[in-house]
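Engineer: Below is a structure I'd like to ask you about.
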Amino acid sequence: MLKEAVEGQVTVVCNAIAASVQFQVEPVGRWFEAFLKRRDRNVSASFQELEEEEELSEESEDEELQLEEYGMLKTLDPKDWKNQDHYAVLGLAHMRYKATQKQIKAAHKAMVLKHHPDKRKAAGEQIVEGDNDYFTCITKAIEILSDPVKRRAFDSVDPTFDNAVPSKAEGKENFFEVFSPVFERNSRWTSKKHVPKLGTMDSTFEEVDTFYSFWYNFDSWREFSYLDEEEKEKAECRDERRWIEKQNRASRAQRKKEEMNRIRTLVDTAYSCDPRIKKFKEDEKARKESEKKAKAEAKRREQEEKERARQAELEAARLAKEKEEEEAKQAAQQAKKEKEIQKKAIKKERQKLRTTCKNWNYFADSEAESVKMMEEVEKLCDRLELVSLQSLNEMLSSGTKEEGKAAVQQVNAQLQKEREAEVQARQASRSSEQASSGSGGGSKGWNEEELQLLIKAVNLFPAGTNARWEVIANYMNLHSTSGIKRNAKDVINKAKNLQKLDPHQKDEINKKAFEKFKKEHAAVPPTVDNAVPSERFEVSGAEANAAWTTEEQKLLEQALKTFPVNTPERWEKIAAVVPGRTKKDCMKRYKELVEMVKAKKAAQEQVAAKSKK
């Protein structure tokens, strides 16, 4: 290495420095050993030189070691060696756990040279025989401090160590001045090399978080085997030695637990008093509030954008709809104009046809034939389209009277054939539908009584009834007089066919059913001369045929609830509640409802019994 220039000395360059040349050198001997150490530790040669300098400085410090005389040394009791301060005995009270092994050995050497019994005896001092001399305390101190395990046990219970934890009141006033030395003092117990500092008020969040994470996960090497009350070496047997070990382990675990609780209390107190934590929390709260506001603002903008897009879509849809309506309106107007034009043209052609036929006296010689041909011409005017009328008028205008008559008759005959073909096709389709319904609804057809019974059952058991179509089929089988048993499939198929019928056919079926009902109730059976007419059928035709409305039905049901069976003159009171109905009407309606309910229950019970089987 180049020597450092002395202050005031002038450096002179005599010759130009030659260019550097790189050589590959193989280390040998102690230099090879140093090379392997550097390679294993991944350090440079300059770093090793610094370490060597540090070792040399430690050796120089050992030479300059200052020992503090312990005034109480000669008064110590060798038997009470556990309660003595071994560092103070060797004169290292000012260095304590920071003292190296070399310093400890040097201190012990100095104390032996000064306090050895032979030295003191030669100086004329009186010596205590055996192990009762205070020099035994020096021997015990070097025995404990020279052994790393025993020294660690003694350092764990260092009598000069302050285990106190500052209170919250002290920490809030001067946080860094109070807690910084406390953490510095307790950091000696960590198993890790690098201990983060408490820092200052300007420390970043990462630094503070690293500090508290380290102390909340503090790994302490402190143990309390030095305070064992019993020594297992003194045990007389193996069982006693095991018992002593068990007692010592329990006491060590308890003290270790108390120590970790003390560290946790220290960290919790510092965390609660740390002004930086409060500042970080406020900053985090402000950040979250700003993020929340930004999020709400973004959401509001998004909603506004969606609303604008929706309004634009609505506006576009409205314009498109208006355009479509306008186009449809124009198309309708155009169609209307065309229809009007066609209507006028048809009217013109019809008038022309009538005029032509009238001029030729409707191609007849007699009045009767003239009337007949007039009817034929009117039929043509009603049935022919514009093109047909125009072609017919052209034929009439270009031909003779006989040709015109033949043309009119020919067109009428053709129209008659077309109508007949249409009627036949309609009848064929109707017969095919009936055949298909007959094949799906049973081999036998349905008479009017069964149709009326089916309509009544469908109204009696509305949609939602449990096993509705089975109930309807059982109801029909109970009340039908045809003797044909219908199942649910037959009933469903027939009901679908009835729905397909046009309104005129439905009205015709209902009309026939009403006529049948009227015929059955109009016939009065013969009675005995002195017999009194039945009260049930002693009503006028208008009263018998008057149907009950929904409002009247509701009033009747409410009156039946209001006036129970034991009410005197019950039916007179019920009739008074239902306007327009007599006592006999109410009684008759009540009996019909009872029969209807009984029939409904019977059909449902029969279906339930079949389902259980």
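Engineer: Evaluate the following for Lys401: is it in contact with a Phe, Trp or Tyr (Cβ under 7 Å, 6 or more places away or on another chain) and among the charged types (D, E, K, R)?
Structural biologist: Yes, satisfied.
Engineer: Hey, among Arg310, Arg318, Arg354, Arg301, which residue is closer than 30 Å to Leu396 by Cβ and not hydroxyl-bearing (Ser, Thr, Tyr)?
Structural biologist: Of Arg310, Arg318, Arg354, Arg301, the one residue that is closer than 30 Å to Leu396 by Cβ and not hydroxyl-bearing (Ser, Thr, Tyr) is Arg354.
Engineer: Considering only residues that are surrounded by 14 or more Cβ atoms within 10 Å (Cβ to Cβ) and of a type in the set (Ser, Thr, Tyr), which ones fall in the stretch 353-397?
Structural biologist: If the condition is that a residue be surrounded by 14 or more Cβ atoms within 10 Å (Cβ to Cβ) and of a type in the set (Ser, Thr, Tyr), then Thr356, Tyr362, Ser370, Ser388, Ser391 are the ones that fit.
Engineer: Something else about it: Determine whether Val208 is part of a helix (DSSP H, G or I) and either under 58 Å from the mean Cα position of the chain (by Cα) or within 27 Å of Lys98 (Cβ to Cβ) (or both).
Structural biologist: yes
Engineer: Something else about it: Quick one: which of Lys109, Lys102, Lys140, Lys150 is at pLDDT 85 or above, closer than 18 Å to Glu223 by Cα and part of a helix (DSSP H, G or I)?
Structural biologist: Within the list Lys109, Lys102, Lys140, Lys150, the selection yields Lys150.
Engineer: Another question about this same structure. Can you tell me which residue within the stretch 588-607, out of those that are in contact (Cβ under 8 Å) with a residue 60 or more places away in the chain and of a type in the set (A, V, I, L, M), is farthest from Ala473 (Cα to Cα)?
Structural biologist: If we take residues in the stretch 588-607 being in contact (Cβ under 8 Å) with a residue 60 or more places away in the chain and of a type in the set (A, V, I, L, M), then Met596 is farthest from Ala473 (Cα to Cα).
Engineer: Separate question: Being hydrophobic (A, V, I, L, M, F, W, C), open to solvent by 40 Å² or more (accessible area, probe 1.4 Å) and assigned to a helix (DSSP H, G or I) is the filter here; which residues of the stretch 153-177 pass it?
Structural biologist: Ala169, Phe176
Engineer: Looking at (1) under 22 Å from Pro166 (Cα atoms); (2) out of contact with any Ser or Thr (no Cβ under 7 Å at 6 or more places or on another chain), find the lone condition where Arg276 falls short.
Structural biologist: For Arg276, the failing item is (2).
Engineer: Please determine, by comparing only the residues of the stretch 252-275 that are among the small types (Gly, Ala, Ser) and surrounded by fewer than 16 Cβ atoms within 10 Å (Cβ to Cβ), which one is nearest to the chain's Cα centre (by Cα).
Structural biologist: Only one residue tops the list, namely Ser272.
Engineer: Lys456 - would you say it is at pLDDT 75 or above and farther than 27 Å from Lys600 by Cα?
Structural biologist: No, not satisfied.
Engineer: Ok, one more. Among the residues of the stretch 178-197, write down those that are in contact (Cβ under 8 Å) with a residue 24 or more places away in the chain, open to solvent by less than 100 Å² (accessible area, probe 1.4 Å) and either in a loop (DSSP other than H, G, I, E, B) or touching a Lys or Arg at 6+ places or on another chain (Cβ under 7 Å) (or both).
Structural biologist: Trp189, Ser191 - these are the residues of the stretch 178-197 that are in contact (Cβ under 8 Å) with a residue 24 or more places away in the chain, open to solvent by less than 100 Å² (accessible area, probe 1.4 Å) and either in a loop (DSSP other than H, G, I, E, B) or touching a Lys or Arg at 6+ places or on another chain (Cβ under 7 Å) (or both).
Engineer: Looking only at the stretch 301-339, count how many residues are of a type outside the set (Lys, Arg), open to solvent by 80 Å² or more (accessible area, probe 1.4 Å) and closer than 30 Å to Val387 by Cα.
Structural biologist: Result for the stretch 301-339: 5.
Engineer: How many of the residues in the stretch 121-152 are surrounded by 15 or more Cβ atoms within 10 Å (Cβ to Cβ) and among the β-branched types (Val, Ile, Thr)?
Structural biologist: Selection size over the stretch 121-152: 5.
Engineer: Let me ask something else about it. Out of everything in the stretch 215-251 that is without any contact (Cβ under 8 Å) to a residue 24 or more places away in the chain and touching a Ser or Thr at 6+ places or on another chain (Cβ under 9 Å), what residue ends up being least open to solvent (accessible area, probe 1.4 Å)?
Structural biologist: The residue in question is Asn248.
Engineer: Applying the selection to the stretch 298-354, what residues are without any contact (Cβ under 8 Å) to a residue 24 or more places away in the chain, under 30 Å from Arg383 (Cβ atoms) and of a type in the set (A, V, I, L, M, F, W, C)?
Structural biologist: Ala331, Ala332, Ala335, Ile341
Engineer: Quick check on my filter: what residues within the stretch 248-296 are out of contact with any helix residue (DSSP H, G or I) (no Cβ under 9 Å at 6 or more places or on another chain) and of a type in the set (A, V, I, L, M, F, W, C)?
Structural biologist: Ala250, Ala253, Met260, Ala286, Ala294, Ala296
Engineer: Those residues that are within 19 Å of Lys347 (Cβ to Cβ) and touching a residue at least 12 places away in the same chain (Cβ under 8 Å), I need them from the stretch 358-375; list them, please.
Structural biologist: Met374
The values are calculated or read from the model by the stated rules, or taken from the named source; none is laboratory data. Model, not experiment: these values are computed from the prediction. Positions of Cβ are generated from backbone atoms using ideal geometry, with glycine treated the same way; all protein chains shown enter the neighbour counts. Ligands, DNA and RNA are stripped out before the accessible areas are found, and what is left, the full protein with its side chains, is counted by its heavy atoms. Shrake-Rupley method; radii C 1.70, N 1.55, O 1.52, S 1.80 Å.
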